[in-house]
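> Next up is a structure, given as structure tokens.
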Amino acid sequence: MEMFGKTLCITFDELVRSGIMSKSNFDKHVRERKFQVLQKGGNGRKVLVAYETLSDALRSVVEKKLPDIKKQLKKEQTNPMNIRLKSDDKAVEFYKTYTPKISIDRQKEYVLNAKVMNAMIVQETGLQNKHSEYGYTHKSLVRNTAISLCEELRKSFNHTLPKSKSRLLEKFRDYKKRGYVALVNGTTGNQSARKIGPREGRILLRLKRSKFPVYTDMQIFDEFNRIVAERNARVTCEEDRLKPVESPQTVINYLYKTSIKLWWYGVVHGEIAFKNEFMPQFDTKLPQMPNTLWYGDGTKLNLYYKDYDKKNKRMVARTIDVYEVMDACSEMFLGYSFGAENFLTQYEAYRMALETWKVKPYEIVTDNQGGHKKPEAQAFFKKICHLHKTTMPHNGQSKTIESAFGRFQQQVMHKLYNYTGQNVTATKESSHVNIDLIMKNISQLPTLEEMKEQYLECRREWNSMPHPTSETGMTRMEMYTTLNSPKAEQLDEYEVRELFKLLSKDSVKYGKQGFVFSRNNKEYRYMVYDESGQVDMGFHMQNVGVSFRYKYDPMDMTSVELWEVCAGDRLKYAATATPKVVFHRATAERSTEESERLYAQIRAQKRALAGHYIASEELLLEESIGEAYTKLVMPLPVGESQKNMERQRKQYANEELKAPVAYPEGVGPGTYEPEPEEFSSGIASPGEYTKLVSGMTEAEMYLSFLNDN
């Protein structure tokens, strides 16, 4: 049997599988509502039927068939523990209007104590009536039951009734006799605090704000009275005398009033603490649909694993970090990456999330840590969502994922023996690890890979658990996969691949060695090849010395896209480069296929040189400065004979051989234009005439006359 809330229930297994009734009979009882089903089965839940709704005949069979149930039922009936407290409006009004006035905190304390006393009276009366019904009296049992109830309520509500059994019974009897007034402290209304004037207040405030030195509250009390004594000794007018303080509590009462606390709290505890203490907080509502908002955050993975410390030569217990991506609506863990929080772990976690679920969320919220501020990261987040925001600095309560992590640790990870516990700020004893046990059993800890598998199993369990706010009992996985935000964007395989290509920040110059760059201290060498697998000589020859930015996939470096930077920082796609082919120098180490590719590349390069040489000859001939117009013999391409060049010139003329690089626009053969003839500029002044004839001979002068005629 099990409890559903405060209702005793019998399970489906106890009714059907024990042979009390058949499955069909059970289903018939459910359809005809002959008993009440409080919980339906599914997702690890048991079918629970309210025991008190069973028929008398069925109850007798159950108690006969299952004697342990009868004992449990008897225990529940003889030891009722009603730990629910009923409200008491009369008590609230009594303490609110009591004279002398009672502070609001003390009112709450008295009202809680009154409700506990009321519960004890109900417990006592119920047991007395039941005992009278059966004709016997057990005063000690009734008294002890009421005391036990009081202690149970102390654990649940932290009331302030006496812990001593004798004093509690004395207070209980007095409450039944006098009512609410019995709970009022006899010192209520005494004025122990003494008024502090503005001059004294300024001194106290200055001492509290002091940094050189820093005073405790007790030291402030002593220093204040010392200052007051010195000043009063110097003044002669009674009105200028300051009033000393008789009690340290008076100083504390004054300094910790909110109106005074405002003026020293930030100086003493810092501006972040001041903001968190006094600034208003917004009430926000989480998204109602999955993929509306994703959170990402890095945290310590709270599981120990064993590792070898090479420096100290011993086995040690260690932990690692993990970066998680979570859907805010369903609390579904979508993607992860092991390692410290940086752009690489962020990239891997979000990539896993998008590749797995193939949806682009509307909004992503991250903190200001790790690599979120890098231009590369900002460009990446801009691509994978419609809106990327960071949480307000020093405002941890705005990060819902941290709350989910806490519950994930408490509900799932704490089951593992190598659980590290929560952080040092956790107050529950169960939140801290038994470090002595861990240190004594380091050899029994899992390895790093085994610990990662543990964590992945914990994630699967978390995603399969019912969502805490689901009214229908849907698991986080069911909620995430069933619903979807209309503002989220579904993606196909191509779109997912394109999302995760990053654009380099800096340009890299293409050289004769190809496209060479380094990332994370690793060198990458690429070359642009044509469809036949040979170097694209046209691209190579006309881009040596040109700088490109490259687009790459960090998890698939089998190719990179080269993008040329144009005017206005516009990018123009140039080519796709693949890893450069490396050939063995030693012939014996080369395979047949490798040798064939090497020689084919050599032949292609020679033909490219010849084609470019012949194309250059055309320009020289058109400019009348080639070998036919000069006494010089023009050198041939390296490794080529005159006979081979003649054969290749014929191939070029028949368009069987082409130049690897086209002529620049407007520069090729057929575009030559003769220089325009020069005409005399004429003369326009005596000075120009004098200058023109000063170097002219008589023969030149007469010849010019003859030419003009």
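Please treat every number below as a calculation from the coordinates, not as lab data. None of these values were measured; they are calculated from a predicted model. A quick note on method: Cβ atoms are made from the backbone with ideal geometry, for glycine too, and the neighbour counts reach across all protein chains shown.
> Around Met474, which amide H atoms from residues at least 5 apart in sequence, or from another chain, sit under 5 Å from its own amide H, with H modelled in the peptide plane?
His467
> Still on this structure, please answer the following. Which aspartates and glutamates, on any chain, are close to Lys505 with Cα under 16 Å apart, when same-chain ones fewer than 8 places away are left out?
Once the sequence-local aspartates and glutamates are set aside, what remains near Lys505 is Glu376, Asp553, Glu561, Glu564, Asp569.
> To the nearest 0.05, what FRET efficiency results for Asp27 and Leu456 with a Förster distance of 35 Å applied to their C-beta separation?
0.35
> While we're on this one: With labels modelled as points extended 7 Å from the Cα through the Cβ direction, what inter-label distance (nm, one decimal) is found for Leu141 paired with Ser403?
My value for the distance between the label points is 4.7 nm.
> How large is ³J(HN,Hα) for each residue in region 107-118, as worked out from phi by the Karplus curve 6.51 cos²θ - 1.76 cosθ + 1.60 (θ = phi - 60°), to whole Hz, x for Gly and Pro?
In residue order, the calculated couplings are 4, 4, 4, 5, 4, 4, 5, 5, 5, 5, 4, 4 Hz.
> Let me ask something else. What would the Debye equation give as log₁₀ I(q)/I(0) for region 113-175 at q = 0.12 Å⁻¹, counting only Cα atoms as equal point scatterers?
-0.29
> Full-extension gain between Ala229 and Ser103, please, as 0.36 nm times their residue separation minus the C-alpha to C-alpha distance.
Net length gain for the segment: 41.9 nm.
> Right, something else. I want to check the label-to-label distance for Cys566 and Gln605. Put each point 7 Å from Cα in the C-beta direction and report it in nm to one decimal.
Each label point lies 7 Å from its Cα, and together they span 3.3 nm.
> Can you give the Rg to Rh ratio of region 305-366, both from alpha-carbon atoms, with Rh computed by the Kirkwood formula?
Rg/Rh: 1.17.
> What is the Cα coordinate range of region 298-339 on the first, second and third principal axes, sorted by size from largest, in whole angstrom?
Principal-axis extents of the Cα atoms in region 298-339, largest first: 47, 13, 11 Å.
> Is region 275-349 rounded, prolate or oblate when judged by the Cα gyration tensor, a ≥ b ≥ c being the square roots of its eigenvalues, rounded requiring a/c under 1.5 and prolate requiring a/b larger than b/c? Intermediate results must be reported in sequence, preceding the final value.
Working: a/c = 3.15, a/b = 1.87, b/c = 1.68.
Note, shape of region 275-349 comes out prolate.
> Moving on. Looking at this model, which pairs from Lys115/Lys257; Lys108/Lys261; Lys23/Lys46 are more than 19 angstrom apart at the alpha-carbon?
The pairs that break the limit, which is 19 Å between Cα atoms, are Lys115/Lys257; Lys108/Lys261.
> Now for a separate question. Output the relative contact order of region 490-564, whole-number percent, from Cα pairs under 8 angstrom with separation of 6+ residues.
Contact order relative to length: 34 percent.
> If R₀ is 51 angstrom, what is the calculated FRET efficiency for the pair Asn434 and Lys243, using the beta carbon separation as r and rounding to 0.05? Numbers along the way, then the final one.
On the way: r = 55 Å, r/R0 = 1.08.
Calculated value: 0.40.
> Using 0.36 nm per residue, how much length does the chain from Ile252 to Lys383 gain when fully extended, once their Cα-Cα distance is taken away?
The span from Ile252 to Lys383 would gain 41.6 nm if fully extended.
> Taking Lys452 as the anchor, which lysines have their alpha carbon closer than 19 Å to its alpha carbon, excluding any fewer than eight residues away along the same chain?
Excluding near neighbours in sequence, the set is Lys300, Lys306, Lys415.
> What would the Debye equation give as log₁₀ I(q)/I(0) for region 214-259 at q = 0.16 Å⁻¹, counting only Cα atoms as equal point scatterers?
Debye curve over Cα of region 214-259, log10 I(q)/I(0) at q = 0.16 Å⁻¹: -0.49.
> Longer than 23 Å from Cα to Cα, which of Lys572/Lys658; Lys383/Lys580; Lys374/Lys551; Lys275/Lys374 are they? Say none if no pair is. Working shown, then result.
Details: Lys572/Lys658 26 Å; Lys383/Lys580 30 Å; Lys374/Lys551 17 Å; Lys275/Lys374 28 Å.
Those over the limit are Lys572/Lys658; Lys383/Lys580; Lys275/Lys374.
> If you don't mind, another one. Tell me the Kirkwood radius of region 197-317: reciprocal of the mean inverse pair distance over distinct alpha-carbon atoms, in Å.
Roughly 19.7 Å, rounded to one decimal.
> Shifting gears a bit: Which value results when the Cα radius of gyration for region 490-552 is divided by 2.2 N^0.38 Å?
The value comes to 1.34.
> So how much slack lies between Arg318 and Asp506, counting 0.36 nm per residue of separation and subtracting their Cα-Cα distance, in nm?
63.9 nm
> Another one. For region 442-524, what is one quarter of the convex hull surface built on the Cα atoms, given in nm²? Walk me through the intermediate numbers first.
Values: hull surface 48.2 nm².
Value for region 442-524: 12.0 nm².
> Let me ask you something else. What percentages make up the Cα-Cα pair-distance distribution of region 530-589 when the bins are 5 Å wide from 0?
Per 5 Å bin, starting at zero, the Cα-Cα P(r) for region 530-589 comes out as 4, 14, 21, 21, 18, 11, 6, 3, 1, 1, 0 percent.
> For Asp297, which sequence-distant residues (separation of 5 or more, or a different chain) have an amide H within less than 5 Å of its own amide H, given hydrogens modelled in the peptide plane?
Distant-sequence amide H within range of Asp297: Glu324.
> According to a simple spin-label model (label point 7 Å from Cα along Cα-to-Cβ), what is the distance in nm between Gln513 and Asp68?
Distance between label points: 7.6 nm.
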